[in-house]
Amino acid sequence: MPLNPRLEAVTDRIKTRSHKRRSTYLDRMQAAVDAGPARAHLACGNQAHAYAAMGGDKDALAAGRAPNLGIVTAYNDMLSAHQPFETYPEIIRRAARAAGGTAQVAGGVPAMCDGVTQGQPGMELSLFSRDVIALSAGVAMSHNCFDAAVWLGVCDKIVPGLIMAAASFGHVPAVFVPAGPMTSGLPNDEKAKVRQKFAQGEIGREELMAAEMASYHGPGTCTFYGTANTNQMLMEFMGLHMPGAAFVNPGTPLREALTVAATERALAITAQGNDFRPAGQVLDERAFVNGIVGLMATGGSTNLVLHLPAMARAAGIELTLEDFADISELVPLMAKVYPNGLADVNHFHAAGGLGYMIGELLDAGLLHEDACTVAGDGLRRYAQEPKLKDGVLVWEDGAGESLNDRILRPAGDPFQSTGGLRQLAGNLGQGVIKTSAVDPSRHVIEARARVFHDQASVKAAFQAGEFTEDTIVVVRFQGPAANGMPELHSLTPILAVLQDRGLKMALVTDGRMSGASGKVPAAIHVAPEAAKGGPLAKLRDGDLVRLDAVVGRLDVLEEGFEAREAVTADLSANEFGIGRELFAAFRASVGDSTEGAAVVV
């Protein structure tokens, strides 16, 4: 199927907009490639330091003829998704030796769990951790000893930060290796109901804890379709995984076989071989458009509307909210995975998963089939699924149809004709809303505003019984410059309770919501943010606000609004404690959310 002309037009627009930045980037990457394999330029003393502890691999490393892989790992065992990475370096080293190469852990990067920090002060470091990860990975790769890199990361800020680093070292091939989702536990919708009961005081903390532990119960990503699993989808659609690797459970023979295959492929695409595929070549405009298509088709996390522009800028590509909006208009919503449905990612994978979706979208002309991927042979390889046959890893065509049409639908008969995200613009600024999980009857909300400066004040008002009518809850001074743009996910249960009581509720904020943003309409990432004098800083209690996700508008309906003075807030409490004082420079220099809220690119 030829590429949809409207998708081609969006891609061409991105290329034209990015031409200067991308050309400069590609020239820098080509100069690094032309200089030859990095280790050839290291003095003997430099190399001896790097190889001193490598035991039986020393001779191969010193000879410099076999490719050497640098492993950058986000392992820690507080993130369930990253705990399996503890054993990956040895698997990769063994596989590299067997294939005639070597591998070393180049360095580790921090990896925080948003699930631990939700509603806590540590969440104010979460978004900035993405840029710290990029910086840390840059330090790891700066030793210049590696012919390709193997990147071990899964969760919310980790993959975007690693992509930013991989793009900065775009002359080096990059293969991303996932760990997979945990097996299914307590269904996500049941967990959500327990949270709502706790918010209303109907159950105690002991019952809440039991439900949470039954949901988050083992190694692997959380099973809802939040930011971590959206990241893994992106790595498939952008051609950075081995095909079909994203949603294979940890601790299985197939999972290990895919890790071995990723190692072998990383060795094969170095400059020493005949299929050189540097990361900067893979991370082009087609890859990012394919990633946005995947985001829309799956109803993925709103956090990626922040991360994708930052990732793209690291590769010399400029994305705008208009690109997301236009692609959303073209791409059908093909999946219903919690919070957009009752299924989890294991059910989605069993129904046909990403391989089925990619095949359908290719056949519909909604993906760049000729995109460069680490697997080779274009994106069509990613419509296949991996299997172990007699201990040998093979890729085969999938079933060719959805195995559960309540979870996964064909592109020609989707759950809805457009994607799961919508751009908003109006006299309150620019923002986005995730509509895939919101009932269409709530896509337009017009109500009086209640204005707050933090989550705790909203919870206090709820507990005091102050919400008795339709309300648009405004939580401002939550942007990146104000306090690091924490997720406001802890507001979800109480807003859902109010909505279930029959009230029309919505959230408007310059902050973020979780990748698991659910059924309550939420206009998020509103820019310019209040701390920079944006329109949200002019709102007052009682102002009539209209959120219209149908036409993409966010407006206050009050005469003379623009002439008001913007209020300021005391943000001193955000400046210290739990490491926040270390990030003052980040808050002072961070860009707008519309450009990815980035510090380092």
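Explain nothing, just compute: Karplus ³J(HN,Hα) = 6.51 cos²θ - 1.76 cosθ + 1.60, θ = phi - 60°, for every residue of the range 56-71 in order, whole Hz, x for Gly and Pro.
x, 8, 4, 4, 5, 5, 5, 5, x, 8, 8, x, 10, 8, x, 9
Name the trypsin sites (Lys or Arg not before Pro) in the range 339-424 that are in a loop by DSSP and that have at most 14 other C-beta atoms within 10 Å, would you?
Passing sites in the range 339-424 are Arg406.
How large is ³J(HN,Hα), in whole Hz, for each residue of the range 386-394 in order, when computed from phi with the Karplus curve 6.51 cos²θ - 1.76 cosθ + 1.60 and θ = phi - 60°, using x for Gly and Pro?
With coefficients 6.51, -1.76 and 1.60, one gets x, 9, 9, 10, 6, x, 10, 7, 9 Hz.
Quick one: the Cα spread of the range 421-595 along its three principal axes, in angstroms, biggest first?
Here the Cα extents, ordered largest to smallest, are 44, 34, 29 Å.
Once a ≥ b ≥ c are taken as the square roots of the eigenvalues of the Cα gyration tensor of the range 263-406, is the result rounded (a/c under 1.5), prolate (a/b larger than b/c) or oblate (a/b not larger than b/c)?
The shape class here is oblate.
Once the other residues with Cβ under 15 Å from the Cβ of Asn46 are scored (Lys, Arg +1; Asp, Glu -1), what is the net sum?
Taking every Cβ under 15 Å from that of Asn46, the sum is +2.
Report the one residue of Leu208, Ile327, Ala60 whose Cα lies farthest in the direction of the positive end of the charge dipole of the chain (charges on C-beta: Lys and Arg +1, Asp and Glu -1; origin at the Cα centre).
Of the options given, the answer is Ala60.
Once you put a point 7 Å from the Cα of Leu557 and another 7 Å from the Cα of Glu329, both along the Cβ direction, what distance in nm separates them?
A separation of 2.5 nm, rounded to one decimal place.
Considering only DSSP beta bridges with both partners in the chain, what is the antiparallel share in %, to the nearest 5?
Counting only bridges with both partners in the chain, antiparallel ones make up about 45 percent.
Quick check: net charge around Ala563, other residues with Cβ under 15 Å of its Cβ, Lys/Arg +1 and Asp/Glu -1?
Charge balance near Ala563 sits at -2.
With the cut-off at 1.5 for a/c, could you classify the range 63-121 from its C-alpha gyration tensor as rounded, prolate or oblate?
Prolate is the answer for the range 63-121, as a/c is 1.5 or above and a/b outweighs b/c.
Could you state the number of Å between the C-alpha centres of the range 303-330 and the range 525-601?
Each part's Cα centre sits 20 Å from the other's.
Please work out whether the range 1-90 counts as rounded, prolate or oblate from its C-alpha gyration tensor, where a ≥ b ≥ c are the square roots of the eigenvalues and a/c under 1.5 means rounded, while otherwise a/b larger than b/c means prolate and anything else oblate?
oblate
Quick one: work out the % antiparallel among DSSP beta bridges in the range 421-595, nearest 5.
Bridges in the range 421-595 are about 55 percent antiparallel.
In deg cm²/dmol, rounded to 500, what helix-only [θ] at 222 nm does the chain give when every DSSP H run of at least 4 residues adds -39500 (n - 2.57) and the total is split over its residues?
Dividing the helical sum by the residues of the chain leaves -11000 deg cm²/dmol.
Consider just the alpha-carbon atoms of the range 350-421 and return their Rg together with their Dmax, both in angstrom.
Cα-based Rg and Dmax for the range 350-421 come out at 13.4, 43 Å.
In the neighborhood of Leu408, defined by Cβ-to-Cβ distances under 14 Å, what is the net charge if each Lys or Arg adds +1 and each Asp or Glu adds -1?
Counting the neighbours of Leu408, the net charge comes to -3.
Relative contact order for the range 421-595 using alpha-carbon pairs under 8 Å, separation at least 6, rounded to a whole percent?
Averaging sequence separation for qualifying contacts and normalising by length gives 30 percent for the range 421-595.
What list of ³J(HN,Hα) couplings, whole Hz, do you get for the range 438-449 from phi and the Karplus terms 6.51, -1.76, 1.60, once you set θ to phi - 60° and write x for glycine and proline?
Here the 3J(HN,Hα) series is 9, 4, x, 5, 10, 6, 10, 10, 10, 7, 6, 8 Hz.
Can you tell me the order of 63-71, 281-289 when each peptide is scored by its average per-residue count of other Cβ atoms within 10 angstrom, highest first?
So the peptides 63-71, 281-289, ranked by packing, come out 281-289, 63-71.
Please list, in chain and number order, the residues 5+ apart from Ala522 or on another chain whose amide H is under 5 Å from its amide H, with Hs placed from the backbone.
Here Lys434, Leu507 satisfy the definition.
Given the C-alpha centroids of the range 344-400 and the range 409-446, what is the distance between them in whole angstrom?
27 Å
With a 10 Å Cβ neighbour count serving as the proxy for reagent exposure, in which order, fewest first, do Arg22, Arg564 appear?
Least crowded to most crowded, the residues run Arg564, Arg22.
What is the gain in length, in nm to one decimal, between Asp397 and Arg540 on full extension, counting 0.36 nm per residue of separation less the C-alpha to C-alpha distance?
45.8 nm
Amide H neighbours of Val109 under 5 Å, at least 5 residues apart or on other chains, H built in the peptide plane: list them.
HN-HN under 5 Å from Val109: Thr73, Ala74, Tyr75.
Please arrange Leu254, Leu333 by counting, for each residue, the other beta carbons lying within 10 Å of its beta carbon, fewest first.
Leu254, Leu333
Using a Cα distance threshold of under 20 Å, what count of lysine pairs results for the range 421-595 when pairs must be 8 or more residues apart or interchain?
5
Just report the Cα centroid separation between the range 262-282 and the range 496-510, whole Å.
50 Å
Can you give the three extents of the C-alpha atoms in the range 168-270 along their principal axes, from longest to shortest, in whole Å?
59, 31, 18
Could you tell me the calculated FRET efficiency between Ala53 and Thr87, based on Cβ-Cβ distance and R0 = 25 angstrom, to the nearest 0.05?
0.85
Which number do you get for Rg(Cα) / (2.2 N^0.38 Å) in the chain?
Taking N as the residue count of the chain, the ratio is 0.95.
Where does the Debye-calculated log10 I(q)/I(0) of the range 445-497 sit at q = 0.14, 0.27, 0.29 Å⁻¹, using only Cα point scatterers of equal weight, no solvent?
Log-scaled intensity ratios, in q order: -0.37, -1.20, -1.30.
Under the rule of at least 5 residues apart or a separate chain, name every residue whose amide H is placed under 5 Å from the amide H of Gln416.
Residues meeting the amide H criterion: Leu333.
What order do you get for Ser126, Ser184, Ser142, Ser593 when you list them from fewest to most C-beta neighbours inside 10 Å?
So the residues, fewest neighbours to most, are Ser142, Ser184, Ser126, Ser593.
At 7 Å along the Cα-to-beta-carbon direction for both Leu571 and Glu206, put a label point, then send me their distance in nm to one decimal.
A separation of 4.4 nm, rounded to one decimal place.
Which FRET efficiency value, to the nearest 0.05, is calculated for Ala464 and Asn427 with the Förster distance at 30 angstrom and r the Cβ-Cβ distance?
About 0.45, to the nearest 0.05.
The numbers here are math on the coordinates, done by the rules we state, and not lab data. Here the structure is a predicted model, which is why all the values come from computation and not from measurement. Every residue, glycine among them, receives a Cβ derived from its backbone with ideal geometry; neighbour counts consider all protein chains shown.
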